[in-house]
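Read through the structure below, which is laid out as structure tokens, and then see the notes.
The values are calculated or read from the model by the stated rules, or taken from the named source; none is laboratory data. In this text, all values refer to a predicted model and were calculated from it rather than measured experimentally. Cβ placement follows ideal geometry from the backbone for every residue including glycine, while neighbour counts extend to all protein chains displayed.
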């Protein structure tokens, strides 16, 4: 079995340089890195991860907490983070909290017990104070949640702007009676989107009443039921702003069953721009969220802070309007 000494001799570098290459250090030139990697391949050398961990006091593992493991939102999130870590010889350990505070704390404890060097948290239930305390124990970054604290880093999206974009799009098409099916009120992103909706209506001089807003969960079934409730409360609606794409698709299902034609009788716009939004019929107008890019950026921040890399990092992201066929000018008469 080949040794690190043999690799260093074949590559013509010190054993310390071989170690830096294996640990993904930025303090190695590209030509030296390639020479070491070629020597490792020629000798069939495989680094001992456990020995590396003992030597560096690092596990080379980053923990991630997400609310769920399924769905078109979380797949790109996990994939974006895993790819940037793997490209830098680090590994990702994932735990799910199912949007439950107790399970979220248990997930944190589990990842810390596995000696994760840092945490990326798509955390919804832990309080700001709990996250500030946790940041004193382990390097962490929150994803899609902005916390006004010097102790907690966050890569976040301007959801206020996103709700405004969706509503402004419908106003620009000529709609004056616009309902909203919001996400859960305990989720900050959902409430920010609703506030953006309110701000856009108020900026256009349009009234906003409680009857125009129905709370829902982020799934198709809830969107289906909420559409019925919204049209009972606000029958003059000609357009709906949905808290996410699943809500929008569920609402469109109910509308179709009731004989509405989308967008002729009712325009609908979602949020997230999940992969199947483009292929739904009619294709779903929505607000694009660069969640894979945001997750990758969180990974780069961890690589900088914990492993000494030198990536450029962006913390604030902006949503984008994606206008498709589910929104159009209201039918006249």
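Residues in region 222-241 that are surrounded by 24 or more Cβ atoms within 10 Å (Cβ to Cβ), touching a residue at least 60 places away in the same chain (Cβ under 8 Å) and within 17 Å of residue 257 (Cβ to Cβ): 240 alone. What are the residues in region 173-207 that are buried (at least 20 other Cβ atoms within 10 Å of the Cβ) and within 19 Å of residue 234 (Cα to Cα), if any? Within region 173-207, 175, 178, 179, 180, 181, 182, 183, 194, 197, 200, 201 meet the criteria. With respect to (1) more than 28 Å from residue 185 (Cβ to Cβ); (2) modelled with pLDDT of 95 or more; (3) in the same structural domain as residue 189 (by TED's automatic domain parsing), the lone exception for residue 281 is condition (2). Can you name the residue in region 142-182 that is part of a loop (DSSP other than H, G, I, E, B) and in contact with a strand residue (DSSP E or B) (Cβ under 8 Å, 6 or more places away or on another chain) and is also farthest from residue 327 (Cα to Cα) among such residues? Filtering region 142-182 for residues that are part of a loop (DSSP other than H, G, I, E, B) and in contact with a strand residue (DSSP E or B) (Cβ under 8 Å, 6 or more places away or on another chain), the one farthest from residue 327 (Cα to Cα) comes out as 152.
If the condition is being within 10 Å of residue 180 (Cα to Cα) and part of a helix (DSSP H, G or I), then region 211-235 contributes 211, 212, 226, 227, 230.
If I filter region 44-62 for residues that are crowded, with 16+ Cβ neighbours inside 10 Å, within 17 Å of residue 143 (Cβ to Cβ) and modelled with pLDDT of 85 or more, do I get at least one hit? There is at least one residue in region 44-62 that is crowded, with 16+ Cβ neighbours inside 10 Å, within 17 Å of residue 143 (Cβ to Cβ) and modelled with pLDDT of 85 or more.
Filtering region 269-284 to residues that are buried (at least 17 other Cβ atoms within 10 Å of the Cβ) and assigned to a helix (DSSP H, G or I) leaves only 277.
Pairs meeting the criteria (first residue in region 96-107 and over 20 Å from residue 219 (Cα atoms) and not assigned by TED's automatic domain parsing to the domain that holds residue 129, second residue at pLDDT 95 or above and surrounded by fewer than 18 Cβ atoms within 10 Å (Cβ to Cβ), beta carbons under 7 Å, at least 6 apart or on different chains) are lacking.
Filtered by the rule that a residue be assigned to a loop (DSSP other than H, G, I, E, B) and within 15 Å of the chain's Cα centre (by Cα), region 308-333 gives 314, 315, 318, 319. Of the residues examined, residue 305 is one that is assigned to a helix (DSSP H, G or I) and touching a residue at least 60 places away in the same chain (Cβ under 8 Å). Screening residue 99 on (1) out of contact with any strand residue (DSSP E or B) (no Cβ under 9 Å at 6 or more places or on another chain); (2) modelled with pLDDT of 95 or more shows it passes everything except condition (2). Test residue 241 against the criterion of being within 21 Å of the chain's Cα centre (by Cα) and closer than 30 Å to residue 86 by Cα, and give yes or no. No. Considering region 252-268, and only residues there that are in contact with a strand residue (DSSP E or B) (Cβ under 8 Å, 6 or more places away or on another chain) and either outside any loop (DSSP other than H, G, I, E, B) or outside the structural domain of residue 282 (by TED's automatic domain parsing) (or both), the residue that is surrounded by the fewest Cβ atoms within 10 Å (Cβ to Cβ) turns out to be 255.
Taking region 56-90, which residues are closer than 20 Å to residue 155 by Cβ, more than 16 Å from the chain's Cα centre (by Cα) and outside any helix (DSSP H, G or I)? Within region 56-90, 61, 62, 87, 88, 90 meet the criteria.
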